[in-house]
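Reviewing the structure listed below.
The values are calculated or read from the model by the stated rules, or taken from the named source; none is laboratory data. This one's a predicted model, so the numbers in the text were calculated from it and none came from an experiment. Every residue, glycine as well, gets a Cβ built from its backbone with ideal geometry; the counts of neighbours run over all protein chains shown. Areas reflect the complete protein model, heavy atoms only, side chains present, ligands, DNA and RNA absent. Shrake-Rupley method; radii C 1.70, N 1.55, O 1.52, S 1.80 Å.
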Amino acid sequence: MIYGDLEIGRATSAHEAEYTRMFGEEADEAFVCWYGPELSRRFRALKVWMLLKGVGLDRLSAAIESNLACARHLESMVQASDGFEMVAPVELSIFCFGHVPAQLRNESPEAIDAFNQRLLVALQRDGSWYLSNATLAGRFALRGCVLNYRTTLRDMEILLDDLRRVARSLPTSV
């Protein structure tokens, strides 16, 4: 059986009332529609409750703070570098930035944006990182988000090193 012991599942997930009684359906088929007492939507709060009970508020808070610290660390490295620029300030664990190679410093924003688009694709193909993109104030940005509790400050340093390595393999113009 896919769900394990059906009776245990019923006891923990089902709400018995006349309006929930199923007609002409096997119990196995009906099991998947037991969302919670309100029946109209999933019991999504259960996941948050289980996380808080299992991990604890202090450890969860520490993991979130660690993710924020990683994003801020990347921001400080970008601001201290001469080859990168922040496109938006870090306020969450999301960072939006761009690479500006020395050869493109005097080029148009469109040329820099086009280079960053090529850099994003090349980085994804490289397989070392997966960044997404954003457009902020009309500018293309490399966008990352730290969500894994195992991410370290060193990982952010490696990200910039990998971006530099991949960028060196790209032509600055097409």
Looking at (1) open to solvent by 40 Å² or more (accessible area, probe 1.4 Å); (2) farther than 24 Å from residue 135 by Cβ, which one does residue 56 not meet, given that it meets all the others? (1)
If I ask for residues that are out of contact with any strand residue (DSSP E or B) (no Cβ under 7 Å at 6 or more places or on another chain) and surrounded by fewer than 18 Cβ atoms within 10 Å (Cβ to Cβ), which ones from segment 68-88 would you list? 68, 69, 76, 77, 80, 81, 82
A careful count of residues in segment 151-174 that are open to solvent by 60 Å² or more (accessible area, probe 1.4 Å) and within 13 Å of residue 122 (Cα to Cα) gives 5
Examine segment 136-157 for a residue that is closer than 21 Å to residue 63 by Cβ and free of Cβ contacts under 8 Å to residues at least 24 places away in the same chain, and state whether such a residue exists. yes
Just need a number here: residues in segment 138-150 that are open to solvent by 30 Å² or more (accessible area, probe 1.4 Å) and either under 16 Å from residue 124 (Cα atoms) or under 18 Å from the mean Cα position of the chain (by Cα) (or both). 6
When residue 117 is evaluated against the numbered criteria (1) out of contact with any Leu (no Cβ under 6 Å at 6 or more places or on another chain); (2) more than 11 Å from residue 142 (Cβ to Cβ), which criterion, by number, is the only one it fails? (2)
What are the residues in segment 94-115 that are crowded, with 18+ Cβ neighbours inside 10 Å and within 13 Å of residue 144 (Cβ to Cβ), if any? 95, 96, 97, 98, 99
Give the residue that is farthest from residue 88 (Cα to Cα), with candidates limited to residues of segment 122-135 that are surrounded by fewer than 13 Cβ atoms within 10 Å (Cβ to Cβ) and under 18 Å from the mean Cα position of the chain (by Cα). 127
